[in-house]
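Have a look at the structure below before the remarks.
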Amino acid sequence: MSAIPPQSKKSLIAGIVQEKIYNLLQQGKRLDGRSPVDLRPITITTGIVEKADGSSLVSLGKTKILVGIKTEIGTPYPDRPKEGSFTVNAELLPLASIGFEPGPPDERGVELARVVDRSIRESKAIDLEKLCLIEGEKAYILFIDIYVLDYDGNYYDPSVIAALAALVTAKIPKYEVVGGKVQKTGEYFNLKLQKLPFTTTFGLIRGKFLVDPQLEEEAALDVSIIIGVDQEGNIVSIQKNSPGLIPETILEQLIEIAQEKTNAIRNKFCEALNIVI
């Protein structure tokens, strides 16, 4: 009797797990006891990295994300001479998962950075014009660095939370223009975000959906999608991060749930950071 090839074994196991998850979803249940629309517990801690201008550690279940903010003075982009800028980088640390490898960011890290960047940028959360010091010459540049420290599925939503928490609590070194030159004052200022956009990640299995997939669920999904929403209910970003079709009727339902879940995340965020919007 011939042995089953490793790839076939993997496919067989994945099929069994998917069947189990699907059967549970039909009953309104999940592997970890949640309902299909429940998020895992969220914890938010700020001021984690002493040498960063801003930092935060966010846990979504067992997935842990660290974000650090650093600021530099640079030249505005030629097509946006009156604005400062920001850039987002993401690193999937090998210690977080056996599936993450050392080296430069792969396509998963690039995609994670893109999701966070788009949520912040398209919502216009940061007033970039207030970061300009001398038009066309000098402006603040914010570097938002994301590190996945522990991975148990869905690093998108906690990364957005962590980035915003680090931005809100950052103490940015203050510069002023004296005689046409930019000088450091020794003082600091806080960013006042115009919007608080958060994301909700969904997974679909045979037409059934779930919110915030953990690792075992994530491996069994047919398709997943991340939807970003601001506090006014506006859709600021949508990223379908795997092949597969999503029926229009289901997408409409997912958007409604995303609006509800991001509002719950926002309330948790404001409570944890003691802010009012």
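Given +1 at the Cβ of Lys and Arg, -1 at the Cβ of Asp and Glu and no other charges, the dipole of region 20-86 around its Cα centre is 480 debye to the nearest 20.
Taking 112, 93, 31 as the candidate residues, the one with maximal mean-square fluctuation in a Gaussian network model of the chain, Cα springs under 10 Å, is 31. The charge dipole of region 154-277, taken about its Cα centre with unit charges on the Cβ of Lys, Arg, Asp and Glu (plus for the first two, minus for the last two), comes to roughly 680 debye.
Students often check this: by mean Cβ neighbours within 10 Å, which of 121-128, 209-216 ranks highest, and how do the rest follow?
209-216, 121-128
Gain on full extension, evaluated as 0.36 nm per residue between residue 98 and residue 137 minus their Cα-Cα distance, stands at 9.5 nm. Here the 3J(HN,Hα) profile of region 165-174, calculated from phi with Karplus coefficients 6.51, -1.76 and 1.60 at θ = phi - 60°, is 5, 5, 5, 4, 9, 5, 10, 8, x, 8 Hz, Gly and Pro shown as x. For the chain, the residue among 99, 249, 140 whose Cα projects farthest onto the positive side of the dipole built from Cβ charges is 99.
When Lys and Arg each count +1 and Asp and Glu each count -1, what net charge do the other residues less than 12 Å away from residue 172, Cβ to Cβ, add up to?
On the way: positive: 70, 130, 171, 174, 184, 192; negative: 53, 72, 187.
Local charge sum for residue 172: +3.
Among the listed pairs 82/184; 184/268; 29/195; 62/82, those with a Cα-Cα distance over 31 Å are 184/268; 29/195; 62/82.
Set the Förster radius R0 to 25 Å, insert the Cβ-Cβ distance between residue 177 and residue 51 as r into 1/(1 + (r/R0)^6), and round the FRET efficiency to 0.05. For R0 = 25 Å, the calculated efficiency reads 0.40. Prolate is the label for region 204-277. Its Cα gyration tensor axes, ordered a ≥ b ≥ c, give a/c of at least 1.5 and a/b above b/c.
How big is the dipole moment of the chain about its Cα centre under a simple scheme where the beta carbon of each Lys and Arg is +1, that of each Asp and Glu is -1, and everything else is neutral? Debye, nearest 20, please.
Charge dipole of the chain: 300 debye, to the nearest 20.
Extension gain for residue 273 to residue 124 (0.36 nm times residue separation, less C-alpha to C-alpha distance): 51.6 nm. To the nearest 10 degrees, how steep is helix 6-26 against the longest Cα principal axis of the chain, on a 0 to 90 scale? It is inclined by approximately 90 degrees. Note on residue 19 and residue 206: the extension gain reaches 66.3 nm, defined as 0.36 nm multiplied by sequence separation minus the Cα-Cα distance. Over the residues of the chain, the helix contribution to mean residue ellipticity at 222 nm works out to -9500 deg cm²/dmol, using -39500 (n - 2.57) for each DSSP H run of at least 4.
Near residue 38, within a Cβ-to-Cβ distance under 10 Å, what is the net charge of the other residues, with Lys and Arg +1 and Asp and Glu -1?
Details: positive: 30, 34, 40, 261; negative: 32, 212.
Once all neighbours under 10 Å are counted, the net charge is +2.
Residues 132, 270, ranked from the fewest to the most other C-beta atoms within 10 Å, line up as 270, 132.
Laboratory data are not the source of any read-out in this text; all were calculated from the coordinates shown. Small disclaimer: the values here were computed from a predicted structure and weren't measured. Backbone-built Cβ (ideal geometry, glycine too); neighbour counts: all protein chains shown.
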